[in-house]
Every structure is written in structure tokens, then in C-alpha cells.
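The values are calculated or read from the model by the stated rules, or taken from the named source; none is laboratory data. Bear in mind that the values here come from a model prediction, so they are computed numbers and not experimental data. Ideal geometry is used to build each Cβ from the backbone, glycine not excepted, and the neighbour counts take in all protein chains shown. For accessibility, only protein heavy atoms count, side chains too; no ligands or nucleic acids. Shrake-Rupley method; radii C 1.70, N 1.55, O 1.52, S 1.80 Å.
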Amino acid sequence: MLNDQKVVFSGVQPSGNLTIGNYLGAMRNFSAFPDHKCFYCVVDLHAITVRQVPADLRRRTYETLALYIASGLDPEKNVLFVQSHVPAHAELGWILDCYTMFGELSRMTQFKDKSAHHADNINAGLFTYPSLMAADILLYQTDIVPVGIDQKQHLELARNIAARFNGVHGETFVVPEPYIPETGMKIMSLAEPTAKMSKSDPNPNAVVYILDDPDTIMRKFRRAVTDSDCTICRGEGKEGIANLMTIYSCCTGKSDEEITAEFSSAGYGKFKEAVGEVVIEALRPVRQEWTRLMADKAYLEQVMKSGAEQAAYYARKTMSKVRRKLGFV
Ligand code: AQP
């Protein structure tokens with residue numbers, strides 16, 4: 001990259017309304033690299049591994065792009081684009097399929113989970129999702145990938161694929177490193193705190209969406225599943241409280257010790273309301289800016305177009321190297 005500038009890449013699927021898991025685990029950290037060359041992508045090709053209603057996918061693609069900007073990413077300083085607008089992702093995805101082993105893909109826990117949830121549609125794309133994700137990352141010679149911990153296994157596979165390709169053909173791809181935050185690495189469901197909070201969870205009370213209004217956010221936190229003990233600390237059987245502590249910590253920067261001390265004489269009800277309040281305040285400016293941006297579709301389309309042009313420029317460089325190494329005429 002220009003002047004040895006480090007490259008950052010990450011993406012979010014427009015496969016549902018984005019959650020505070022997506023926000024605290026990944027998107028909030030996207031602004032942490034002001035001196036890097038950053039590519040942030042709305043990964044619509046990944047979203048179709050699960051059946052989508054076309055009109056919803058189209059709307060959510062705009063919404064996700066607007067959320068990137070509303071959560072602090074300046075399109076003048078970051079390359080913001082839609083994955084399907086840069087066909088090199090699909091092309092490199094196919095090439096990397098040929099450098100990814102069946103056994104490796106079979107071990108991916110996301111594939112196992114999603115196959116269990118979508119037993120009527122276990123398609124080849126769901127299986128090869130990680131090699132397309134490797135293509136997304138390797139296409140831009142990425143150094144750092146900010147993701148939630150649930151994506152760590154896919155990232156390790158991307159590193160193995162890069163190393164394998166480099167081993168066969170000589171240095172072609174930068175081998176990327178994950179960037180996983182200490183806090184917020186995994187936000188859990190409010191209804192079932194041993195499961196990840198997921199945008200495709202059919203139970204809306206299990207999930208706080210970034211765009212939920214304040215009353216809805218408070219109601220969901222009040223109903224969050226906890227335990228029959230009444231101490232605010234982490235421990236066995238206290239996954240619900242631990243999750244609320246993580247969320248509170250992400251929004252306030254406070255440590256577990258500080259949180260336990262702050263709420264030593266408070267009941268769970270008071271703590272849940274305090275968590276609701278800090279989340280409402282953290283999301284308020286994002287929602288306001290998002291609403292403003294969604295009213296200006298022409299602006300969002302201009303961001304998409306310019307982002308895709310810039311991304312395609314860097315993707316072309318990698319692809320010409322890859323094609324040469326493979327022996328394509
Ligand atoms: N609960 C979470 N806690 C922390 N980080 C999370 N991420 C997702 N959920 C949590 C991070 O968000 C980024 C974008 O995720 P994605 O859209 O690519 O897909 P995902 O990981 O499969 O997210 P979902 O919400 O669970 O989507 P669906 O329900 O469609 O599968 C990633 O960096 C991810 O780590």
C-alpha cells in the first residue's frame with residue numbers, strides 16, 4: 001500500500017437489522033485506525049448464503065452503509081463500498097476455493113451452526129463462505145481485520161489459505177492479523193445468555209438493535225434473563241449478568257471491579273436500567289445521524305460508487321499478480 005501504510009479490512013452482512021453485538025464487537029472499532037488505509041464493505045454476497053427477500057436485502061444494504069457512516073466512518077477517509085460492486089471478490093473467492101481443503105471447511109463452527117438452523121438450504125455457498133471471506137481480506141493485502149471473536153476461526157483459515165497460496169506460488173498475499181477487542185468481543189443474547197446475540201435471531205427480545213428506539217431498548221434490558229442470585233459479578237451460572245456487565249463496560253469504559261462496587265447495594269432491576277440508559281445514550285447520536293443519512297439516498301449512492309471505484313483499483317493490482325502467478329493467459 002502507499003508509503004507502507006497498513007491496510008485494514010472488515011465487513012458486515014446486510015442479513016438483518018444490525019445489533020449491539022455487531023456494533024460493540026466490530027463496527028465501533030472500525031474508527032480505531034485513523035492512520036491506516038481502511039476498507040469497510042457491506043458483504044451482500046455473503047448474505048445470500050441464507051435466503052433473503054430481495055427488497056429487504058436492497059434496503060438493508062443502504063441501511064448498513066448509512067450505519068457505517070453514522071458510527072463515525074468518514075467516506076472521504078475510508079473506502080466504504082458494497083461487495084457485489086467489485087466483481088474481483090467473487091473471482092478471487094473461486095480461486096481460493098481451489099486452495100481451501102474440504103476438511104478445513106467442514107470444521108468451521110459457523111457452518112455447523114448455520115446448517116443446523118437452515119437444514120432445508122445447506123448450499124455450497126454456506127460451506128465455502130470462509131474462502132470468500134479470505135478473498136475479501138486478501139484482495140486488499142490487508143494487515144489487520146477488526147472482528148468479533150466469533151470470526152476468529154474464519155480469520156485463522158484466511159491466514160492458512162494465504163500462507164498456502166504463498167507457499168505454492170511465492171509471496172502474493174499479506175498474511176492478515178485479527179484485531180479483537182478485549183471488551184465487547186462477544187455480546188450474548190438477552191434471552192439465552194449462553195448464545196451469541198445474532199441479527200437473525202427470530203426472538204426480537206433476545207436482541208437489541210442499533211436502531212431500536214429508547215423505550216424498546218429499556219424494555220428489552222428490563223426483561224433480560226439473569227439468575228436468582230443478587231450479586232453483580234461474573235461467575236458460574238451468571239452468564240446473563242456477565243453479559244450485562246460487558247455491555248455496561250463497553251459503554252462506560254468501567255472495569256468489572258468498578259461495576260461491582262458501583263452496584264454493590266443495588267438490585268438487578270436497578271442495574272438493568274442503568275445498562276439500558278448507557279446503551280440508549282451510546283446509540284442516540286448514531287440513530288440521529290443514520291436517520292439524516294437515510295433521507296439522502298443520492299448521497300449514499302455516490303459513496304457506494306466512489307468506494308467501489310477505489311476498491312476496484314486496489315483489487316485489480318492484486319488480481320493481476322494472482323493471475324500471473326496462476327498462469328492465466
Ligand atoms: N454478538 C456479537 N458480539 C460481538 N461481535 C459480533 N459480531 C456479530 N455478532 C456479534 C461481529 O460483527 C461483525 C459482522 O458480523 P456479520 O454480519 O459478518 O455476521 P455474523 O458474525 O454472522 O453476525 P450475526 O449478527 O450473527 O449475523 P447473522 O445472524 O446474519 O449470522 C463480525 O466482525 C462479527 O464478529
Is it the case, given these coordinates, that Ala206 is surrounded by 14 or more Cβ atoms within 10 Å (Cβ to Cβ) and among the aliphatic types (A, V, I, L, M)? yes
Mind counting the residues in region 212-235 that are polar (S, T, N, Q) and surrounded by 18 or more Cβ atoms within 10 Å (Cβ to Cβ)? 1
Would you check if there is a residue in region 101-109 being within 16 Å of the ligand (Cβ to nearest atom), closer than 19 Å to Val50 by Cα and either modelled with pLDDT under 95 or not aliphatic (A, V, I, L, M) (or both)? yes
Number of the exception - Val7 against (1) buried (at least 23 other Cβ atoms within 10 Å of the Cβ); (2) more than 12 Å from the ligand (Cβ to nearest atom); (3) within 18 Å of Gln310 (Cβ to Cβ): (1)
Just a yes or no: is a residue in region 307-329 assigned to a helix (DSSP H, G or I), surrounded by fewer than 13 Cβ atoms within 10 Å (Cβ to Cβ) and under 23 Å from the mean Cα position of the chain (by Cα)? no
Inspect all residues belonging to region 253-272 and state whether any of them is under 22 Å from Leu73 (Cβ atoms) and under 24 Å from the mean Cα position of the chain (by Cα). yes
For the condition surrounded by fewer than 18 Cβ atoms within 10 Å (Cβ to Cβ), of a type in the set (D, E, K, R) and within 25 Å of Leu24 (Cα to Cα), what is the one hit in Arg59, Arg107? Arg59
Restricting attention to region 205-244, the residues that are in a loop (DSSP other than H, G, I, E, B) and of a type outside the set (D, E, K, R) number exactly 14
Among the residues of region 166-183, the number that are open to solvent by less than 60 Å² (accessible area, probe 1.4 Å) and part of a helix (DSSP H, G or I) is 2
Return yes or no: is Ile247 under 30 Å from Val7 (Cβ atoms) and within 20 Å of the chain's Cα centre (by Cα)? no
Hey, can you tell me all the residues within region 184-193 that are open to solvent by 10 Å² or more (accessible area, probe 1.4 Å) and either in the same structural domain as Val145 (by TED's automatic domain parsing) or more than 10 Å from the ligand (Cβ to nearest atom) (or both)? Ala191, Glu192, Pro193
List pairs: first in region 169-191 and at pLDDT below 95, second more than 13 Å from the ligand (Cβ to nearest atom) and hydroxyl-bearing (Ser, Thr, Tyr), Cβ under 9 Å, 6+ apart or cross-chain? Thr183/Ser249; Gly184/Ser249
Test each condition in (1) open to solvent by 70 Å² or more (accessible area, probe 1.4 Å); (2) out of contact with any helix residue (DSSP H, G or I) (no Cβ under 6 Å at 6 or more places or on another chain) for Gly240 and report the one that comes out false. (1)
Filtering region 113-160 down to residues that are open to solvent by less than 10 Å² (accessible area, probe 1.4 Å), away from the ligand (no atom under 11 Å from the Cβ) and closer than 22 Å to Tyr314 by Cα yields Pro130, Ser131, Ala134, Ala135, Ile137, Leu138, Leu139, Tyr140, Thr142, Ala158
Does region 10-26 hold any residues that are crowded, with 20+ Cβ neighbours inside 10 Å and more than 7 Å from the ligand (Cβ to nearest atom), and which are they? Pro14, Leu18, Ile20, Tyr23
Residues in region 96-145 that are in a loop (DSSP other than H, G, I, E, B), of a type outside the set (A, V, I, L, M) and under 17 Å from Lys196 (Cβ atoms) total 1
